[in-house]
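Novice: Got a structure for you, written out below as C-alpha cells; questions coming shortly.
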There are 2 protein chains.
Amino acid sequence: MKALVAGGAGFIGSHLIDALLEKGHQVVCIDTFVIGTRKNIEHLRDNPDFKFYELSLCNLEEVNKIFEKEDIDFVFHLAANSDIQASASNPSIEYANTYTTTFNLLECMRVNNVKKLFFASTSAVYGEKEGEQVSEYSTQLEPISYYGAAKLGAEALISAFTYMNSFSSLVFRFPNVIGPRLTHGVIFDFVKRLKQNPEGLTILGDGSQSKPYMHVYDLVDGIMKFSIGIKEGVTLYNIGVETQTTVTKIADIICENMNLKNVKYSYTGGRGGWKGDVPVFAYNLDKIHENGWKARWTSDEAVAKTVEEVI
Amino acid sequence: MKALVAGGAGFIGSHLIDALLEKGHQVVCIDTFVIGTRKNIEHLRDNPDFKFYELSLCNLEEVNKIFEKEDIDFVFHLAANSDIQASASNPSIEYANTYTTTFNLLECMRVNNVKKLFFASTSAVYGEKEGEQVSEYSTQLEPISYYGAAKLGAEALISAFTYMNSFSSLVFRFPNVIGPRLTHGVIFDFVKRLKQNPEGLTILGDGSQSKPYMHVYDLVDGIMKFSIGIKEGVTLYNIGVETQTTVTKIADIICENMNLKNVKYSYTGGRGGWKGDVPVFAYNLDKIHENGWKARWTSDEAVAKTVEEVI
C-alpha cells in the first residue's frame, strides 16, 4: 500500500516510516520541520519507496494537491504540536498545528475518497484524573491543556468524518513516548543539563510526578499490528505500559547510566512541572491487552533503554 | 453587568438579549447576519443599553478590538452554524463558524481577562444513542455530524481555557429549540410547505423520528437562572424536556392549528431525515432537575405553542 505519514520527520513519525518501509510499503511523508528534523529522515533520502514533501498541513489547497497526485491508501496522522509547555502561553499553536492539520487531512480524505486513517491522540484528552486508571469508555474527558483540548477536538472530527464517509479509523491515545530521536521532554532535558553540569540537577515540581513512559519501538509495533485489517468505524485504544516512573526515578536512572555519583537534586516544589501538566497519571489498558497486544518494556525499562540510546 | 452576546441576532441569541435587557443589563451584540437577521434585533435599535457590531467572529483581530473597547463582564456564546444539513456536504462551515468562532472568543477572553462564559452546546455531541437516555457524565461522546464534532471540539477548548485561566463557564447541551423567530427546522419547513400546498405534505424518513423539542422561553429562563452566581470551573448541563415528539405528530399539530383536514402525508422512507441526523433521541435531565430547574412546557406543548406563534 501507499501510506501518507503526516508529521513523518518527527520523533514517532520517522520510526513509523522505518517500520512501514521495512514491511515493503511505499511512504509519502509530509512535514514542516517545525518540530520534526531533516536528520530523522536523512537515511531515507535514496530509498525509492520514500517520497518527501516539505509543507504545512495548514495549507489545505497544497495538501489537497498531494492527495490528487499520489494515490494514497492509508493516512497515518502524527502531525501536531507536541510541546505542551510551549502552547501553554500561546494556544493558537494548538489551533493551527493540532486541530487545523487534522481537519485539513480529514477533508482531503473525504474529497479524494481515502478511507483508512491512523490518528495519534493522547492521554491529555482525559485531563487530571489522579487516583483513577483512565479508561477509553468510562472516564470523563476534561482536558486541562490546550494540547489535550485540540486533540480531543480532533478525535471528535474523526468520529463525524468516519461516520459520514465510512472511514476505517484507528485512534491510539499515547502516553509519554520515549526512545531514539527524542527531541524534548524530561529525559532529553535532564541528559542535556547533566552534561553541562554533572554536580547538580534542578527538578520541576517535587519529583513525585508519576507517568507511564513507553518505548517508541513498542508504540510502532502496536500501530503496525492494529492498522492491518482495520475495520469500518472508529476503533479507539489507550496504548501504553501498566507501570509508571517518577521524575526523581528518571533522574536516578540517568545518573546511573552516565556514571554520575552524588548528584545534588534541587526541587522547585509544587505538584506539576507547569500549569496544564498532569502530575500523576495511570492507564487502564484492559481493552488493548484483551485484543492481544502488550508492551515489551515496562516504564522503568523504557526509560533505562532510552537513556542508553540517547546519552 | 455588560454582556457580550455572540450570535445575538440569531433565533435564540435575540431572545436571550431581550431577557438580559429586561433584567437591566447592558448588551453588546456581535453577529454576521449569515443565519441571524436584522429583523430579530430591529426592536432594539433605539435602546441605549444595546450596541451592535456586524462582524465575523472568525476575524480574531477585529473581535479583539471590541474586547479592548468594551468592558465585557460576561460572554454568552451562541454563534455557530446551526444548520446541520447545510454543513453535511461542506464540513468547512463548521470548522469556521462553530469551532473557530469559539477559539477566537476564548482567546479574546484570555487576553483581555474576561472570566465568565456561557456556551450553547448541543445534544449532537452524543451521536446516535437510540434506546438510551443520554447523560452528561456516563454517555460516550461520539458525534456523527460535523456540527456535533465542532461543538464537542468547542467544549474541549472551554475545558482547557477554563482550567488555564480560572474561568467560570456554563455549558448547556441544547435539544431542538423552537419558538418565535425560528428560521429553519421541521416546524418552519412544514408550515411553509403547507401554506404553499395544503393538500399534501412530504415527510423525510418514516415520520417516527422522535426528539425532545424545547420552547426558547424555557431555554432562556434556564440560561438566566444558572448564569447568575456561576462558579469557577466548568458547569455542564443537559437542558431540555423529558418528552419527545415524532415528526408525524408535529405534522398533525400543525395541520390542526392551520385548520387543515385530510392532508395526505407521503414519506420518503428510511430512518433519519439525512445522513448525520440522529433519528431517536432522549435526554437524562436528572442533573438540572436536581439543581432546581424544570421546563414549563412538554415537547408536544412547545410544538403547539410554537405553531401558534409562527403561523
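Novice: So which chymotrypsin sites (Phe, Trp or Tyr not before Pro) in the stretch B:107-143 are both in a DSSP loop and have at most 13 other Cβ atoms within 10 Å of their Cβ?
Specialist: B:TYR137
Novice: Continuing with this model, one more query. Quick one: divide the alpha-carbon radius of gyration of chain B by 2.2 N^0.38 Å and tell me what you get.
Specialist: The value comes to 0.98.
Novice: From the convex hull of the Cα coordinates of the protein assembly as shown, what is the mean projected area in square nanometres?
Specialist: So the Cα hull casts an average projection of 29.2 nm².
Novice: Look at the axis of the rotation that sends chain A onto chain B, then give the chain A residue with the nearest Cβ and the distance in whole Å.
Specialist: Closest to the axis: A:GLY153, 1.
Novice: Quick one: what are the phi-derived ³J(HN,Hα) couplings along the stretch A:172-177, Karplus 6.51/-1.76/1.60 with θ = phi - 60°, whole Hz, x for glycine and proline?
Specialist: 10, 8, 6, x, 5, 10
Novice: Measuring from a point 7 Å out along Cα→Cβ, what nm distances, shortest first, does A:LEU260 have to its partners in the other copies?
Specialist: So the label point of A:LEU260 gives 8.0 nm to the other copies.
Novice: 5 Å is the cut-off here: which amide hydrogens, built 1.01 Å from N in the peptide plane, fall below it relative to B:VAL171, excluding neighbours closer than 5 in sequence?
Specialist: Result for B:VAL171 returns B:PHE119, B:THR235, B:LEU236, B:TYR237.
Novice: If you consider only alpha-carbon coordinates, what radius of gyration and Dmax does the stretch A:176-277 have, in Å?
Specialist: Spelled out, the Cα radius of gyration and Dmax of the stretch A:176-277 are 16.8, 55 Å.
Novice: Please work out how much length the chain gains when fully extended from A:SER166 to A:GLN133, using 0.36 nm per residue of separation minus the C-alpha to C-alpha distance, in nm with one decimal.
Specialist: So the extension gain works out to 8.7 nm.
Novice: I'd like the FRET efficiency for B:HIS25 and B:HIS289, computed as 1/(1 + (r/R0)^6) with the beta carbon distance as r and R0 of 25 Å, rounded to 0.05. Don't jump to the answer; show the numbers that get you there.
Specialist: Details: r = 27 Å, r/R0 = 1.08.
Step by step, r from the Cβ atoms, then E = 0.40.
Novice: Right, another one. In the stretch B:192-246, which GluC sites (Glu not before Pro) are in a loop and have at most 11 other Cβ atoms within 10 Å, using DSSP for the loop call?
Specialist: On the way: sites: B:GLU199, B:GLU232, B:GLU242; in loops: B:GLU199, B:GLU232, B:GLU242.
Filter output for the stretch B:192-246: B:GLU199.
Novice: Let me ask something else. Only sites in a loop by DSSP and with at most 13 other Cβ atoms within 10 Å count here; which GluC sites (Glu not before Pro) in the stretch A:124-176 make the cut?
Specialist: Passing sites in the stretch A:124-176 are A:GLU130.
Novice: Another question about this same structure. Per-residue accessible area for B:LYS294 at 1.4 Å probe radius, Å² rounded to 10?
Specialist: 120 Å²
Novice: Now for a separate question. Where the only charges are on Cβ atoms (+1 Lys, Arg; -1 Asp, Glu), what is the dipole of the protein assembly as shown about its Cα centre, to the nearest 20 debye?
Specialist: Charge dipole of the protein assembly as shown: 220 debye, to the nearest 20.
Novice: Then there's this: With point charges of +1 on the Cβ of Lys and Arg and -1 on the Cβ of Asp and Glu, referenced to the Cα centre of the stretch B:262-311, which listed residue (B:THR306, B:ASN262, B:HIS289) lies farthest in the positive direction of the dipole?
Specialist: B:ASN262
Novice: Further question: Calculated from DSSP H runs of 4 or more alone, at -39500 (n - 2.57) each and per residue, what is the 222 nm mean residue ellipticity of chain B, nearest 500?
Specialist: -11000 deg cm²/dmol
Novice: Would you mind listing how long the stretch A:1-60 runs along its three principal axes, going by Cα atoms, in whole Å with the largest first?
Specialist: 29, 24, 19
Novice: Here is the link list: B:LYS2/B:LYS115; B:LYS225/B:LYS294; B:LYS39/B:LYS151; B:LYS211/B:LYS305; A:LYS129/A:LYS249; B:LYS2/B:LYS51. Which ones come out longer than 18 Å on Cα distance? List each step's numbers first, then the result.
Specialist: On the way: B:LYS2/B:LYS115 13 Å; B:LYS225/B:LYS294 11 Å; B:LYS39/B:LYS151 27 Å; B:LYS211/B:LYS305 16 Å; A:LYS129/A:LYS249 22 Å; B:LYS2/B:LYS51 11 Å.
Going by Cα-Cα distance, B:LYS39/B:LYS151; A:LYS129/A:LYS249 fall outside the 18 Å limit.
Novice: Counting only complete DSSP H runs, which helices of chain B cover 18 Å or more along their long axis at the Cα atoms and score a mean Kyte-Doolittle of 0.0 or above?
Specialist: Counting only whole DSSP H runs, the qualifying helices are B:146-165.
Novice: Follow-up. Using a 1.4 Å probe, how large is the accessible area of A:VAL234, given in Å² and rounded to the nearest 10?
Specialist: 70 Å²
Novice: Which residues in the stretch A:230-271 place their backbone N less than 13 Å from a point set 7 Å from the Cα of A:GLN85 along the Cα-to-Cβ direction?
Specialist: Those under the cut-off are A:268.
Novice: Which residues' amide hydrogens lie under 5 Å from the amide hydrogen of A:LEU201, considering only partners 5 or more residues apart or on another chain, with H built in the peptide plane?
Specialist: Here the answer is A:LYS264, A:TYR265, A:SER266, since their amide H atoms fall under 5 Å of that of A:LEU201.
Novice: Please get the size of the charge dipole for chain B, origin at its Cα centre, with Cβ charges of +1 on Lys and Arg and -1 on Asp and Glu, quoted in debye to the nearest 20.
Specialist: It comes to approximately 220 debye.
Novice: Defining the label point at 7 Å along Cα→Cβ, can you sort the distances from B:ASP46 to the same site in each other copy, shortest first, in nm?
Specialist: Listed shortest first, these distances are 8.4 nm.
Novice: If you don't mind, another one. Taking A:SER92 in one copy and the same position in all the others, each labelled 7 Å out along Cα→Cβ, what are the pairwise distances from the first, in nm, shortest first?
Specialist: 2.2
Novice: Could you check how much of the accessible area of the stretch A:91-198 is carbon and sulfur, as a whole percent, using a 1.4 Å probe?
Specialist: 47 percent
Novice: Taking every DSSP beta bridge with both residues inside the protein assembly as shown, roughly what % is antiparallel (nearest 5)?
Specialist: The answer is about 5 percent antiparallel.
Novice: Let me ask something else. Any idea of the accessible area per residue across chain B, 1.4 Å probe, to the nearest Å²?
Specialist: 40 Å²
Novice: If the cut-off is a Cα-Cα distance under 17 Å, which aspartates and glutamates reach B:LYS116, setting aside same-chain residues fewer than 8 apart in sequence?
Specialist: List returned: B:GLU68, B:GLU70, B:ASP71, B:ASP73, B:GLU107, B:GLU155, B:GLU232.
Novice: Right, next: Just which residues of the stretch A:67-113 lose 40 Å² or more accessible area with every protein chain there, against their chain alone, with the probe set to 1.4 Å?
Specialist: A:PRO91, A:TYR95, A:TYR99, A:PHE103, A:ARG110
Novice: Nearest 100 Å² is fine: what is the total accessible surface buried where chains A and B meet, probe 1.4 Å? Mind dumping the intermediate values first?
Specialist: Details: alone 14060 and 14080 Å², together 25050 Å².
Buried surface at the A/B interface: approximately 3100 Å².
The values are calculated or read from the model by the stated rules, or taken from the named source; none is laboratory data. This one's a predicted model, so the numbers in the text were calculated from it and none came from an experiment. Note: ideal-geometry Cβ built from the backbone for every residue, glycine included; neighbour counts use all protein chains shown. Side chains included, ligands, DNA and RNA excluded: accessible areas come from the protein's heavy atoms. Shrake-Rupley method; radii C 1.70, N 1.55, O 1.52, S 1.80 Å.
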